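Asks: Below are the structure tokens for one structure; questions will follow.
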Amino acid sequence: MESKQAAPGAKTQRSAGGAWTFDVASQEFRLSQGACALLGLPAAGPFEEMLARMPVEAGERKHLRAAMRRCATDRVEFDLRLRLAAGGGGAMVRLMGGAVGEGRLAGAAFAADDEARLSGEVAERAAQFGSIMETALDGMVVIDDAGIMQSFSRAAERMFGLTAQEAVGQNVSVLMAEPDRTRHDGYIGHYLATGERRIIGIGRIVTGRRRDGSPFPLHLSIGETNVEGRRLFTGFMHDLTEERRSQSRTQQLQAELAHISRLSALGEMGSALAHELNQPLAAIGNYITGSRRLLADAGSPSAAKIEGALERAAEQVLRAGQIIRRLRDFVSRRAGERRQESVAKLVEEAAALGLVGAREKGVTLNFDLDPAYDALFADRIQIQQVLVNLLRNGLDAMDGAERRELKVSSRLVAPEVLEIAVTDTGAGIAPDAIARLFEPFFTTKPSGLGVGLSISRGIVEAHGGEMSAHNNPDGGATFRLTLPLRPKGAP
């Protein structure tokens, strides 16, 4: 938006006024060209800075600040008359505003000395409101204190499957599922009688009801205004169907990853235990064999009984070895279900699962994925398990670091071989830990089990790839895994 700033106190004809908008989250206050000329302000800036530059008395600024705050929190419209200070020409200006969406206010500022313009300004404001009702992405509905719908936006038509002509004049309860459908009039009556706010200015997640009777989740926030003694309520509705579907998909992915992770950990531990236990069992067997030979040479009268006991002990040792081998076979890692997968989708889903809380820690994530090589032959859940583990490790490694950046990149490093790298800006890997990093049960974390990286490398190797790690020259560490683009033997 471009405009020429009018100098406060200019003697030229002051503009009749214009429109303004305010974004609650960013605190940005924007003015149309006419409003800039009227108030002698730039086209945009932080609200407090713009308010400080407004040529009005300090008390007037206080009233305007309070009105804007109440409008943002309670969705109460305001209509203020402000006297410009001498530097602003001493004229009267009128500022009107209200909430037009979640976290957004809008209104008009115009010269109040000439009330003849008022009807035109009101008509313009009505046209602006109509435009908002037509173009707002979220559904909007205006009801009176009896619950009867007065306005119904285009987005609300799409959301509920009702036209404005069908909705206006009906009780708003037709948009609700039970039990709110039958209780809504009581809600309004309770508020009118007690003034107790249960949703006005607060917002909550409720269940809407489409024309065909199907329920769906939505976030509802309500603002209140009073027009010539008539109380009206404006509802702003955001359909949560897609968000809930996405959350459900994320939860499903988390459950699948947790299941595969448990199986992988069980397989790793089972293999390690089998390897470790086979050695003492073999030693026990050797000792039993040697004892039987010594007994045979001693010629003891109890030799036969001892011989029988040792023979049974040897049988149990063999039985224990067979049990361990069966356990190892049972928990050994299987090839999994492999198919062509999108590398970008694998990485994005892994990032959504592995970087929960990253924003609160000030971590930024960058992708540098080669779009020319996006198809990968792999088990989606297993590779996502590897990526989630690496992303979480990177997140932990940057705890307390001044620069916190994670980068996931992909590139072709050999014919039909794709490399995926996860780079962090943490403290790096201790030199004495790099050689043992992928060993089972080795960990640098106080509460770690030391199986995550070992499992990850096993998964990558089972896919026919390799996994490695090294420290970066400028700090941090990079983990690389290579994977074949196509199954072995494929043309």
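The values are calculated or read from the model by the stated rules, or taken from the named source; none is laboratory data. Treat the numbers as computed from the prediction; the structure is a model and nothing was measured. Here Cβ is always computed from backbone atoms with ideal geometry, including for glycine, and neighbour counts include all displayed protein chains.
Asks: Which condition does Val347 not pass, out of (1) at pLDDT 75 or above; (2) more than 17 Å from Thr482 (Cβ to Cβ); (3) crowded, with 18+ Cβ neighbours inside 10 Å, if it passes all the others?
Replies: Among (1) at pLDDT 75 or above; (2) more than 17 Å from Thr482 (Cβ to Cβ); (3) crowded, with 18+ Cβ neighbours inside 10 Å, Val347 violates only (2).
Asks: Given the condition of a type outside the set (D, E, K, R) and at pLDDT below 80, answer yes or no: does some residue in the range 137-146 qualify?
Replies: yes
Asks: Would you call Leu353 closer than 30 Å to Pro484 by Cβ, of a type outside the set (Asp, Glu) and at pLDDT 65 or above?
Replies: yes
Asks: Determine whether Glu196 is out of contact with any strand residue (DSSP E or B) (no Cβ under 6 Å at 6 or more places or on another chain) and assigned to a helix (DSSP H, G or I).
Replies: no
Asks: I'm trying to understand the selection: among the residues of the range 345-370, which are under 15 Å from Glu419 (Cβ atoms) and either part of a helix (DSSP H, G or I) or outside the structural domain of Ala462 (by TED's automatic domain parsing) (or both)?
Replies: So the first thing to find is which residues in the range 345-370 are under 15 Å from Glu419 (Cβ atoms), and the list is 346-347, 367-370.
Selection gives Leu346, Val347.
Asks: Next up: Can you name the residue in the range 421-440 that is assigned to a loop (DSSP other than H, G, I, E, B) and in contact with a helix residue (DSSP H, G or I) (Cβ under 7 Å, 6 or more places away or on another chain) and is also surrounded by the most Cβ atoms within 10 Å (Cβ to Cβ) among such residues? Working first, answer last.
Replies: At the first step, the residues of the range 421-440 found to be assigned to a loop (DSSP other than H, G, I, E, B) are 424-430, 435-440.
Of the ones still in play, those that are also in contact with a helix residue (DSSP H, G or I) (Cβ under 7 Å, 6 or more places away or on another chain) are 424, 426-427, 437-440.
On the way: Asp424: 27, Gly426: 23, Ala427: 15, Leu437: 20, Phe438: 18, Glu439: 15, Pro440: 18.
Per the criteria, the residue is Asp424.
Asks: With the requirement that a residue be modelled with pLDDT of 85 or more, among the small types (Gly, Ala, Ser) and surrounded by 15 or more Cβ atoms within 10 Å (Cβ to Cβ), what does the range 62-92 give you?
Replies: Ala67, Ala72
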